[in-house]
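Notes follow the structure.
The values are calculated or read from the model by the stated rules, or taken from the named source; none is laboratory data. Everything numeric here is computed off the predicted structure, so don't read it as measured data. Cβ coordinates were reconstructed from backbone atoms using ideal geometry, including for glycine residues, and neighbour counts include every protein chain displayed.
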Amino acid sequence: MNCREHLRQYRIIGFFTSVKLTTFFLLLLFILTFWGTVAQVHNGLYLAQQRYFHSFFFLVMEFLPFPGGQAVMWGLFFNLVSVALLRLVYKWQNVGIIIIHFGLLLFLISGFITHRFAQESFLTLPEGRASNVSTAYHDWEISVWKETPPKFPLQITREVMAVNTKNFKTGQVVDLNELGFQLTVKEYRRNCNAYVGGAERSKIINASGIHRLKLMPLEKEPQKNTPGGVFDIETAKGENYEILLFGGESKTTIVKIGGVEYNMMLRLARYPLPFTLKLVDFMMEKHPGTDTARSFKSLVAIETKNVWRDKLISMNNPLRYKDYTLYQSSYAIDNMGYEFSTLAVVANVGRILPYISTFVTFGGLVIHFILMAFTAKKDVEPIFVEND
Amino acid sequence: MLGYSAFKKIIMKNFRRNRNLIGIGLSFLLLLTFVGCERTPQKRQYTEIIIESEPPLNLASNEDPYAFLRGRMPQDDIHQGLMPQDDIHASLNRQDMQNMGLDSELNKSVDRTPLTWKTPSGWLEKTGSGMRLATFVNADANNPIEATIVSLGGEAGGVSANVIRWMQQINLKVSDSFQVEDFIKRQPQLKTTSNLPAVFIDFTELQQDEKPGVASMMAAVIERENAQIFVKMTGSKQAVTANREIFKSLVQSIRVSE
């Protein structure tokens, strides 16, 4: 008795490798996909994704647990792996089915890689402006940079040291040795209101005159939360400064440490891009007689290795560069007529995996049908070993 | 009906038989729980570059180049229907709140009555876009300015609200004690060549202690029946001061083409 045969004796293995379980998971996946898609209408994309696809379980009507996308897909993954290890018959006659099986596994692996490693952000530019960083939707960071004179009259270049605020706790110390000081979190509010005034804490440094933060309950939609915090700065020479940073500020707080001016800001995290992107022209067509946009597109120039090239980004016509895909997302026109275009930026190392999975599965189907057509019925090998 | 003891017996039997497998499963779940947990704040270093193509680079050194994003979350499917941070309290964002209403009011009320004007010599007129009827730039690379003409129907938010909004655009702090009406009253009144009354607002008056390179503005509001014409000049304090009289001549040259 070999190892596969030995393991198949166990009832629990039989349960994990049953086709009924596969069907059950596929049915759940169908329900979740339908449910999650419909829910987007009322809850928006983010909340629907979190509830139906990124969760292990969620409560229906606040009391009934229902498996979420993660649980179902992990279950399906283990089911397919177990079948591949223990029940699939590896013979040439079954090569099509084996390829389809591994194609489906590749789909699940690519889903996992996208979920874990894909980074979504956006880039909003007015016409004529170029930038090399995109902005996070929900993650915040404390950005610190030295003030340096511009090299070119129309260009701002900042060497930014950024600290992600995701795991900030009171009393936490962040070493910024590169800048010659350390930052201690005195208080950090993930959602708060800011108040100006308050002479009792006048030693606090803040560019907007804010001296007090009031904790607010966290909103379900993370982009509605505005964080703020009070931080102690301590230099190697023992100098101490107390600063307050609030996510709603448009000015940076400047602290002079050892003769050097540091700009500090609590802002949505910036992600450096491997290129510089300039919005050359934003174009919009309206439905006749209305202010409703019928279509809008952005003519951009992308700079890589000191070479600029133009590209038109429109709906269903994104810009792709290495692991990055930039989609036309939205636009704005300010009260002085300046046009802004917003591009959704998705960085995904596993971008081509779904395509590979599709080709593998499709190839498996083709091979299987060809083999079926040319194999006499009496010669057909069983695809799976029956559970004992 | 399966009794409790029989149920327990089956569970224990299966547990003993499959304990290695259960152990592996639990270990894997434990591993999954901890995968990706970031316990310490993550530090990153990156170079941020922002390039403007047209003068003036209307950006103070400590100003966030993405400030325009605040209160203007992208209205894509993720953020659809979400209002900007709307309850930041006190005097901090009270003006922003007013401006948000003002923005939508302005966007709805573009006045398309044909206007004519005389482009000052040395200035270059560019085709208007969006709400702008015209955009002008000068040819002085050392003191670049940009001027715009926008015509809006109705009150367009009123002169006071616009003055406060413009002050914020050039980083002038609007304190609680600031009397905007008094400031407007102090400003010179003009008449255009077609005899329309205009108020000329010189923000450099509020920037006397500032450096010459700080972002500044001059503006004029020409009052018409049921419409307001807004003429704005932006640039450094030094540049707008140098172009004050030229800008004034542009304002005075504006006529309504009947």
Within the range A:1-57, helices (runs of 4 or more DSSP H) holding 1 or more residues that are closer than 26 Å to A:H115 by Cα and more than 10 Å from chain B (Cβ to nearest Cβ): A:19-48
Condition check for B:F230: aromatic (F, W, Y) and crowded, with 20+ Cβ neighbours inside 10 Å: yes
Selected residue (criterion: surrounded by the most Cβ atoms within 10 Å (Cβ to Cβ)) from residues of the range B:171-221 that are within 29 Å of B:K118 (Cβ to Cβ) and acidic (D, E): B:D202
Helices (runs of 4 or more DSSP H) contained in the range B:171-258 and holding at least 1 residues touching a residue at least 40 places away in the same chain (Cβ under 8 Å): B:237-242, B:244-253
Looking only at the range A:154-192, and only at residues there that are facing chain B (nearest Cβ under 7 Å) and more than 28 Å from the chain's Cα centre (by Cα), the one that is modelled with the highest pLDDT: A:Q155
Residue satisfying condition, being in contact (Cβ under 8 Å) with a residue 24 or more places away in the chain and outside the structural domain of A:L319 (by TED's automatic domain parsing), within set A:V163, A:V144: A:V144
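Looking only at the range A:242-254, count how many residues are surrounded by 19 or more Cβ atoms within 10 Å (Cβ to Cβ) and in a strand (DSSP E or B).
Total satisfying the criteria: 5.
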Test: residue in the range A:281-297 that is modelled with pLDDT of 90 or more, more than 22 Å from A:T114 (Cα to Cα) and hydroxyl-bearing (S, T, Y): no
Those residues of the range A:128-141 which are at the interface with another protein chain (Cβ under 9 Å from one of its Cβ atoms) and aliphatic (A, V, I, L, M), in sequence order: A:A130, A:V133
Residue identified as surrounded by fewer than 16 Cβ atoms within 10 Å (Cβ to Cβ) and either under 20 Å from the mean Cα position of the chain (by Cα) or modelled with pLDDT of 90 or more (or both) among A:V95, A:V133: A:V95
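Can you spot a residue in the range A:184-200 that is closer than 30 Å to B:G213 by Cβ, surrounded by 16 or more Cβ atoms within 10 Å (Cβ to Cβ) and of a type in the set (A, V, I, L, M, F, W, C)?
Among the residues of the range A:184-200, at least one is closer than 30 Å to B:G213 by Cβ, surrounded by 16 or more Cβ atoms within 10 Å (Cβ to Cβ) and of a type in the set (A, V, I, L, M, F, W, C), which makes the answer yes.
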Given (1) at pLDDT 90 or above; (2) among the β-branched types (V, I, T); (3) assigned to a loop (DSSP other than H, G, I, E, B), index of the condition A:V360 fails: (3)
Leading residue by the ranking (modelled with the lowest pLDDT) among those in the range A:193-216 that are in a loop (DSSP other than H, G, I, E, B) and away from chain B (no Cβ under 12 Å): A:S202
Hits in the range A:1-25 (condition: exposed (fewer than 13 other Cβ atoms within 10 Å of the Cβ) and under 31 Å from the mean Cα position of the chain (by Cα)): A:T23
Of residues in the range A:58-78 being small (G, A, S) and within 20 Å of the chain's Cα centre (by Cα), the one nearest to A:A118 (Cα to Cα): A:G69
Qualifying residue in the range A:232-243 (condition: more than 25 Å from the chain's Cα centre (by Cα) and within 14 Å of another protein chain (Cβ to nearest Cβ)): yes
Residue in the range A:111-126 that is surrounded by the fewest Cβ atoms within 10 Å (Cβ to Cβ), counting only those that are at the interface with chain B (Cβ under 8 Å from one of its Cβ atoms) and touching a residue at least 24 places away in the same chain (Cβ under 8 Å): A:P126
Residues (surrounded by fewer than 19 Cβ atoms within 10 Å (Cβ to Cβ) and closer than 30 Å to A:T375 by Cα) located in the range A:65-92: A:V81, A:A84, A:L85, A:V89, A:Y90, A:K91, A:W92
